[in-house]
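No lab work stands behind these numbers, since they all come straight from the coordinates. Keep in mind the model is a prediction, meaning the values are calculated, not measured. Note that each Cβ is placed from the backbone with ideal geometry, even for glycine, and that neighbours are counted across all protein chains shown.
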Amino acid sequence: MKCQGKRVNKPKNRVVLRGKNMTSKSLDKVLQKQRVAFNAAPNPAWGERKSKLIKLGKIIADNEQKFKEVISKDFGNRSFVETTMAELSIVQAGIKHALKHTYKWMRTKKAPTALQFKPAKNVIVPQPLGVVGIISPWNYPLQLAVMPLVGAIGAGNRVMLKPSEYTPRVSKLLKSVLGEVFSDDEVYVATGDVDVAQAFSALPFDHLLFTGSTNVGRIVACAAAQNLTPVTLELGGKSPVIIDDGANMKLTIARIANGKLINAGQTCVAPDYLLMPEDKIDGVAHSLIEQAETFYPTFAGNPDYTSIIADAHYARLQGLLEDAQTKGASIRVAGNDDSQRMAKERRIPLTVVTNTTPEMKIMQEEIFGPLLPIVASETLADSMDYIQKRDRPLALYWFGEDNAKRDYVLANTISGGVSINETAWHVVQEDIPFGGVGPSGMGGYHGEHGFKTFSHMKGVFLQSKFSGGKMLYPPYTDKTRKVLNMMRKFM
Ligand code: NAD
């Protein structure tokens, strides 16, 4: 079976390369080295895992300033506050949580045994999988590389990591700091372009966690399938926001604008579009623009506002706007910044798009930038219908006070996760799983869910000396049939 895919709307310099090359040989060598090391000690004790997690937390803490600087350089600009909030603090909270709970998660757990099998016992033994591959994207280049690493290390695995080529300074720093505290057979960082990523995804890992776009996710899943490598896919999609009549609009507008504008909309769970009745659209669009201007009195040169990662992404976002305008959309742009300076800094202010139609590209592909279309939807049932007819989103947001309506939305939509009266914050809750569903992903991680993702939960049946199983041995007689019939009553 051929496993090739086409990247859609991606820069030309990132075409998929095909075929094996030296990269795959050298990566394979690292994998073999990790596998040998794993097989020599396949069940690291809590003390060893703990010491690795502590080393990971410390080396990142020691290099906080460097991470803030390189992330900002790779983006063109990213506020240090935003990096602290959305990367460093999340990573440290994830490590702290793992340090507090992994010991408990690692324990063999008793499981019930059906009456007909008693006095035998059942247990579930969590086991490391072996060598885990992690492919991470550029938008939160530290968080999305390290959070899966925390889960994989806590679960006792060896790890190979391929960070994004769009954030080369971050990838280089990750390689150097992780190299300081881990040997290559513990944690290895493979830097490089798409050809490296492609060779990486073809390795026969024991598990592969990919975070990135749905298009590339398809290619990666296909490559992993050749080795029957199980995958966790953390993908993207269009995350809708529904605003109910009873919503507190002051809070709602601020929370939507914040969720949309952090990292300039380059967030997998950023609100992608809003659904609301036609007569509310103007007022909401106006308030959103006002809110954006309060957050960012200027966009150009403002150290708080993040640049778009690369020229190709900037051009893609401008293309979405042009396409929408050509097809009849109205555009409202926050601020009054010099457009040439904005283009030079690769910045785009909040841009609210109204009079949208499904034919517009902005209503078809994930936006991943500060453009916010609004779709007219008269009733909650219309909104459900709109969402249900489209790909299952990574996140869904509902603002309102009526719990019955909230529950109706929860029951009638399938999305990776949900925040109610908020945007994005469900992602950083360590005790709930983070992941998509269908085209927005498969599997999940964070906290115990990450531990389970990177563990084999091995079921073990412990038979007793006094088992009645011998009554079912051949030759089969009337007595066997009677015993079997009696046993079936307990099943
Ligand atoms: P991307 O899919 O272009 O790249 C992600 C990673 O895949 C990179 O490391 C890249 O090197 C690698 N890659 C690229 N081509 C490959 C190939 N042919 N084979 C194997 N690997 C390949 O995504 P991106 O542009 O870096 O990130 C943006 C996308 O990621 C958005 O769609 C966003 O929604 C999604 N995302 C999802 C989550 C989540 O947790 N669900 C988080 C962040 C971003």
(request) Only bridges with both residues in the chain count here: give the DSSP antiparallel percent, nearest 5. (result) 35
(message) Could you tell me which residue out of 428, 447, 397 lies farthest along the dipole of the stretch 326-484 toward its positive end? Charges go on the beta carbon: Lys and Arg +1, Asp and Glu -1, centred on the Cα centre.
(response) 447
(message) Going by amide H atoms built from the backbone, whose H comes under 5 Å of the H on residue 441, apart from near neighbours?
(response) 235
(message) Given an 8 Å cut-off on Cα distances and at least 6 residues of separation, report the relative contact order of the stretch 389-482 as a percent.
(response) 22
(message) Below 8 Å, C-alpha to C-alpha, sequence gap of six or more: please give me the relative contact order for the stretch 240-434 in percent.
(response) 30
(request) For the stretch 400-491, give the magnitude of the charge dipole about the Cα centre (Cβ charges: +1 Lys/Arg, -1 Asp/Glu; no others), in debye to the nearest 20. (result) 1280
(request) May I ask which residue of 298, 334, 374 lies farthest towards the positive end of the charge dipole of the stretch 240-434, with charges of +1 (Lys, Arg) and -1 (Asp, Glu) on Cβ and the Cα centre as origin? (result) 298
(request) Within the chain, what's the longest run with no GluC sites (Glu not before Pro) in a DSSP loop and at most 16 other beta-carbon atoms within 10 Å? Give the range, please. (result) 1-358
(message) Using Cβ counts within 10 Å as a stand-in for footprinting exposure, how do 268, 222 rank, fewest first?
(response) 222, 268
(request) Let me have the relative contact order for the chain, percent, based on Cα pairs under 8 Å that are six or more residues apart. (result) 19
(request) Kindly state, to the nearest 0.05, the FRET efficiency for residue 382 paired with residue 359, given R0 = 22 Å and r defined as their beta-carbon distance. (result) 0.75
(request) Towards the positive end of the charge dipole of the chain, with charges on Cβ (+1 Lys, Arg; -1 Asp, Glu), say which of 484, 419, 164 has the farthest Cα. (result) 484
(message) What whole-number volume per residue, in cubic angstrom, does the convex hull of the C-alpha atoms of the stretch 89-232 give?
(response) 142
(message) Please compare each pair in 109/482; 238/405; 250/452; 96/162; 73/361 to a cut-off of 32 Å on the Cα-Cα distance and tell me which ones are over it.
(response) 109/482; 250/452
(request) Tell me the label-point distance for the pair residue 429, residue 41, using the 7 Å Cα-to-Cβ offset, in nm and rounded to one decimal. (result) 3.7
(request) Give the order of 131, 483 when sorted by the count of other beta carbons within 10 angstrom, beginning with the fewest. (result) 483, 131
(message) Can you compute the charge dipole magnitude of the chain about its Cα centre, using +1 on each Lys and Arg Cβ and -1 on each Asp and Glu Cβ, nothing else charged? Give it in debye, rounded to the nearest 20.
(response) 3240
(message) Counting just the Cα atoms, what span does the stretch 252-295 cover along each of its three principal axes? Round to the nearest Å and put the largest first.
(response) 30, 22, 13
(message) In whole Hz and in residue order, list the ³J(HN,Hα) couplings for the stretch 70-75 that follow from phi through the Karplus curve 6.51 cos²θ - 1.76 cosθ + 1.60, θ = phi - 60°; x for Gly and Pro.
(response) 5, 5, 4, 5, 5, 7
(message) If you average the alpha carbon positions of the stretch 139-192 and of the stretch 232-281, how far apart do those two centres end up, in angstrom?
(response) 31
(request) For residue 486 paired with residue 403, estimate the spin-label separation in nm (one decimal), with each label point 7 Å from Cα along the Cα-to-Cβ line. (result) 5.1
(message) For a quick check: with amide H placed at 1.01 Å from N, whose amide H comes under 5 Å from residue 366's, ignoring anything fewer than 5 positions away on the same chain?
(response) none
(request) Could you run the Karplus curve 6.51 cos²θ - 1.76 cosθ + 1.60 with θ = phi - 60° over the stretch 358-365 and give me ³J(HN,Hα) per residue in whole Hz, x for Gly and Pro? (result) x, 6, 6, 4, 5, 9, 10, 10
(request) Please give, to one decimal in nm, the separation of the simple spin-label points placed at residue 110 and residue 250, each 7 Å out from Cα toward the Cβ. (result) 5.4
(message) With n ≥ 4 as the cut-off for DSSP H runs, can you work out [θ] at 222 nm for the chain, using -39500 (n - 2.57) per run divided by the number of residues, rounded to the nearest 500?
(response) -13000 deg cm²/dmol
(message) How compact is the chain by the rule of thumb for globular proteins, expressed as Cα Rg over 2.2 N^0.38 Å?
(response) 1.09
(request) Treating only the Cβ atoms of Lys and Arg (+1) and Asp and Glu (-1) as charged, compute the dipole magnitude of the stretch 240-434 about its Cα centre; round to the nearest 20 debye. (result) 440
(request) Could you calculate the FRET efficiency of residue 127 with residue 290 from 1/(1 + (r/R0)^6), where r is the beta carbon distance between them and R0 is 51 Å, rounded to 0.05? (result) 0.40
(request) Pop out the ³J(HN,Hα) list for the stretch 468-479 in order, Karplus 6.51 cos²θ - 1.76 cosθ + 1.60 with θ = phi - 60°, rounded to Hz; leave Gly and Pro as x. (result) x, x, 5, 6, 9, 5, x, x, 7, 10, 4, 5
(message) Over 20 Å apart: what share of the alpha carbon pairs of the stretch 240-434 falls there, rounded to a whole percent?
(response) 53
(request) For residue 330, enumerate residues with amide H under 5 Å from its amide H, sequence gap 5+ or separate chain, H modeled in the peptide plane. (result) 354, 355
